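The values are calculated or read from the model by the stated rules, or taken from the named source; none is laboratory data. Owing to the predicted nature of the structure, the values given are computational and were not obtained by experimental measurement. Cβ atoms come from the backbone with ideal geometry, glycine included; neighbour counts cover every protein chain shown. SASA here: full protein model, heavy atoms, side chains in, ligands and nucleic acids out. Shrake-Rupley method; radii C 1.70, N 1.55, O 1.52, S 1.80 Å.
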2 protein chains.
Amino acid sequence: MGSGHLGGEALRRVRAFGPASIGNVAAGFDVLGAAIRPLTGAPWGDWVEVGGAEVSSFVCEGPFAHRLPLAPEDNLALKACGAFQRILGSSLPPLALRLHKGLPVGSGLGSSSATVVAALKALNAFLDNPFREDQLLEAAGEAEGHGCGAAHLDNVAPALLGGLRLVDATGRAHALPFPEALRFVVVSPRLELTTREARRAMPPEVSMGLAVAHAQNLAGLVHALHAGDGELRRACLRDLLAEPHRAPLVAGFREVQAAAIEAGAEGCTFSGAGPAMFAVATADAAQAVGASMVSAWANAGVGAAFRCCELDHQGARIEENA
Amino acid sequence: MGSGHLGGEALRRVRAFGPASIGNVAAGFDVLGAAIRPLTGAPWGDWVEVGGAEVSSFVCEGPFAHRLPLAPEDNLALKACGAFQRILGSSLPPLALRLHKGLPVGSGLGSSSATVVAALKALNAFLDNPFREDQLLEAAGEAEGHGCGAAHLDNVAPALLGGLRLVDATGRAHALPFPEALRFVVVSPRLELTTREARRAMPPEVSMGLAVAHAQNLAGLVHALHAGDGELRRACLRDLLAEPHRAPLVAGFREVQAAAIEAGAEGCTFSGAGPAMFAVATADAAQAVGASMVSAWANAGVGAAFRCCELDHQGARIEENA
């Protein structure tokens, strides 16, 4: 058990993984998110390794490293360290930080959150866990806020804590039950849409009737999940608030959504701010749903790939602590 | 077992009771309602008696009968019969109808709904139950729609079915769990506020941020009730959507609300469209909460009375069938 605080153990290394996540889960614009784990193939997420050092350093690697901001201080792994330090109230020791960027940037898969939670989880373990989970979540929200203009915890909360999470007004993130038999089919088209662009498409005001209907729909989904009411769940797996404004930004969206439903999905909309989309489907239907969505993207002239995922109940985790 | 359909048994009588209810329960504007039952003293609600007759008749009695529309065809008991007949698809026999109006009109206690559900329940029993509960709820929504300009089921659903009910977009009403130890303290000031007036105070649009916060709050309340999370429940027992616009219509509201919270209530806002208010409090605190609220009304120069209620799990019920 070393004391990383003092930076005296240059050889100590901790590596953490932050999973992909779906923000804005259907009815839950800005407040409902899901950490996801592909059922087959390589893990989906980012890794951050923290090691002791004489002089601080930062390395960025992996398939999407070239898409990150060039200035290291703009990197979310370092912003996470800054937030950690601020809440800790004392300086961090010199650190050798290495980010392996496994998630595409601007994809709707919670790329920012994966980096942030992997960095915080690694840092906390490296420093012998000075923070509880709620403090890590606070730090994560602070670090992510820089990325999209405001702190929306619907990606960082599940990426950090795992599961399907409803974020409350005080920043607590509550785990909702979710049927084990259901899959999240995630389809990534070769398109880009920044969160900033997607946010700009949202109108500043909505009708009172829509506000009531949106709340009814989200509350209905939460009730359906607790009560195991499949009929209500299927009815409520939709986004009344953001989707109508964001769908026009992505040519092909409606066709892909229709293909998913046609193939048996319970619901289908953007993952986070898009352009990735997710469908909720039974294990039996998941492959067909994914194939139909990819085929609909092809018809729209857009290449796409799908992965069948389950909920990642674990969230960010230490993979190596040596 | 008589066949009321044929109107041949002039002596047969069925009497049903429809309980008081709280609409717009805190976070649940337009979609969340609670049927309530005072713990002591006289029942709170309306009664409708249906009997066979050679010629149809309608009698209205009770302490608040004089406040009802003079034209019988405007009475909600008769509108309920009309909705029943429309959904049944055949004419009703001649009926002797008697409404005992036990709830004050325009009070925020679900007076319209109590009449409607009592009439429907009595009528259904009198006709040997041609309708299931969902059909009765459909008829109730139709009958109530005449009273407030649109069908909002948050009063009729609990008044008919009992309990705390979340109404979904298709008009199904889902029972939510609610701690047995909690009371609804209902305070009725000597003021009037029509539902129409209270609705007019609502703006046609709200900010996107408020729409998100309102949905988060309602979903949080639903989760808290299922998960037994008292801290979250207390945080979510508030109305972000309607209260800010309706409070200014009722001088004294803020002071009474503050008095309830000060006396230990978990939350306090309008019952339905007001002016009645309800507070949620533990059985231990309920009396003190009620007394504090009445005292705050007195300070505002308004007479008021309170009753401590529990959830009425039963809803509308047959009291006599002979």
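Here are some notes:
- Modelled label positions at A:E320 and A:R190, each set 7 Å beyond Cα in the direction of Cβ, lie 3.3 nm from each other.
- Per residue, the protein assembly as shown exposes an accessible area of 38 Å² to a 1.4 Å probe, with every protein chain left in place.
- Accessible area buried, both sides summed, chains B and A with 1.4 Å probe, Å²: 2900 Å²
- Accessible-area composition of the protein assembly as shown, carbon plus sulfur, in percent [1.4 Å probe]: 53 percent
- Only lysine pairs 8 or more places apart or on separate chains count here, and in the protein assembly as shown those with Cα atoms under 29 Å apart total 6.
- Per residue of A:240-253, other chain Cβ atoms within 10 Å of the residue Cβ number 1 on average.
- Over every Cα atom in the protein assembly as shown, the radius of gyration and the widest Cα-Cα span, Dmax, amount to 28.6, 101 Å.
- Our summary of shape: the Cα atoms of chain B have principal axis extents of 59, 39, 37 Å, ordered from largest down, in whole angstrom.
- Choice from B:I36, B:I261, B:I22 with maximal GNM fluctuation in chain B (Cα, 10 Å cutoff): B:I261
- Most mobile listed residue (B:G230, B:G28, B:G110) in chain B, GNM with C-alpha springs under 10 Å: B:G230
- Residue-averaged beta-carbon neighbours from other chains (10 angstrom radius) around A:228-234: 2
- Annotation note: GluC sites (Glu not before Pro) in the range B:10-91 located in DSSP loop regions with a Cβ neighbour count of at most 16 within 10 Å are B:E54.
- Summarised as an ellipsoid, the range B:182-311 has semi-axes of 23, 21, 11 Å, derived from the eigenvalues of the Cα gyration tensor scaled by 5 and square-rooted, with the largest first.
- Computed from backbone phi, the HN-Hα couplings of the range A:90-104 come to 8, 5, 7, x, x, 10, 9, 10, 9, 9, 9, 8, x, 9, x Hz, rounded to whole numbers (Karplus: 6.51 cos²θ - 1.76 cosθ + 1.60, θ = phi - 60°; Gly and Pro given as x).
- Cβ-derived FRET efficiency at R0 25 Å, B:E231 paired with B:D134, nearest 0.05: 0.10
- Full-stretch length increase - A:S91, A:A283 - with 0.36 nm per residue and alpha-carbon distance subtracted: 64.3 nm
- For B:H174, the amide hydrogen comes within under 5 Å of the amide hydrogens of B:L166, B:V167, B:D168, counting only partners 5 or more places away or on other chains and with H modelled in the peptide plane.
- Simple point charges give the picture: +1 on the Cβ of Lys and Arg, -1 on the Cβ of Asp and Glu, and for chain B a dipole about the Cα centre of about 320 debye.
- Length-normalised contact order of the range A:8-176 in % [C-alpha pairs under 8 Å, at least 6 apart]: 31 percent
- Helices meeting the span-like rule in chain A (full DSSP H runs, Cα extent of at least 20 Å along the helix axis, mean Kyte-Doolittle score of -0.5 or higher): A:111-126, A:208-227, A:283-299.
- Shielding score for B:173-184, defined as the mean number of other chain Cβ atoms within 10 Å: 1
- Charge dipole of the range A:8-176 (Cα centre as origin; +1 on each Lys and Arg Cβ, -1 on each Asp and Glu Cβ, all else neutral): 340 debye, rounded to the nearest 20.
- Dipole-positive endmost among A:P130, A:T195, A:F58 within chain A (Cβ charges, Cα centre): A:F58
- Computed over chain A, relative contact order equals 27 percent, with contacts defined as Cα pairs under 8 Å that lie 6+ residues apart.
- Mean separation of Cα contacts under 8 Å, 6 or more apart, over the residue count of the range B:182-311: relative contact order %: 43 percent
- Those trypsin sites (Lys or Arg not before Pro) in the range A:63-155 that DSSP places in a loop and that have at most 14 other beta carbons within 10 Å: A:R132
- Selected from A:A157, A:A20, A:A227 as most flexible by GNM, with chain A as the system and alpha-carbon contacts under 10 Å: A:A227
- Between the range B:129-207 and the range A:53-89, the Cα center-to-center distance that results, in Å: 53 Å
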